[in-house]
1. Between 16, 24, 39, which gets the highest mean-square fluctuation from a Gaussian network model of the chain, Cα cutoff 10 Å?
2. What does the helix-only formula give at 222 nm for the chain: each DSSP H stretch with n ≥ 4 adding -39500 (n - 2.57), the total divided by the residues, and the result rounded to the nearest 500 deg cm²/dmol?
3. For Cα pairs less than 8 Å apart in space and 6+ apart in sequence, what is the mean separation divided by the residue count of the chain, i.e. the relative contact order in percent?
4. What's the ranking of 26-37, 46-57, 4-15 by average number of surrounding C-beta atoms within 10 Å, highest first?
5. Here are a few candidate values for P(r) over Cα pairs in 5 Å bins from 0, in percent: (1) 3, 16, 16, 16, 13, 10, 9, 6, 5, 3, 2, 0; (2) 3, 17, 27, 22, 14, 7, 4, 3, 2, 1, 0; (3) 3, 17, 23, 22, 16, 10, 5, 2, 1, 0. Which one was actually calculated from the structure I just gave you?
């Protein structure tokens with residue numbers, strides 16, 4: 001691997017790390033917003049808060065894993 005290929009791979013890895021971290025942080029933000037709505041800190045219906053909290057948990061736990069698998073599927077060299 002030449003130095004420019006190595007730098008390109010490094011940049012791609014950094015970008016992917018930032019994307020996955022942003023997904024996790026936004027998932028936590030949704031969970032916190034949902035809990036605030038459920039606890040009546042924010043005046044919205046309880047169901048909206050519950051849905052936001054569940055969506056945030058799904059986003060935090062499963063979406064980064066799903067996206068990483070899709071990225072790795074493109075790098076499959078077993079053929």
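1. The residue that fluctuates most here is 39.
2. Value at 222 nm, helices only: -27500 deg cm²/dmol.
3. Relative contact order of the chain: 29 percent.
4. Peptide ranking by packing, descending: 26-37, 46-57, 4-15.
5. (1)
We did not get these values from a lab; they are worked out from the coordinates using the rules stated. If you're wondering where the values come from, they're calculated on a predicted model, not measured in any experiment. Quick reminder, even Gly has a Cβ in these numbers, built from the backbone with ideal geometry, and neighbours come from all protein chains shown.
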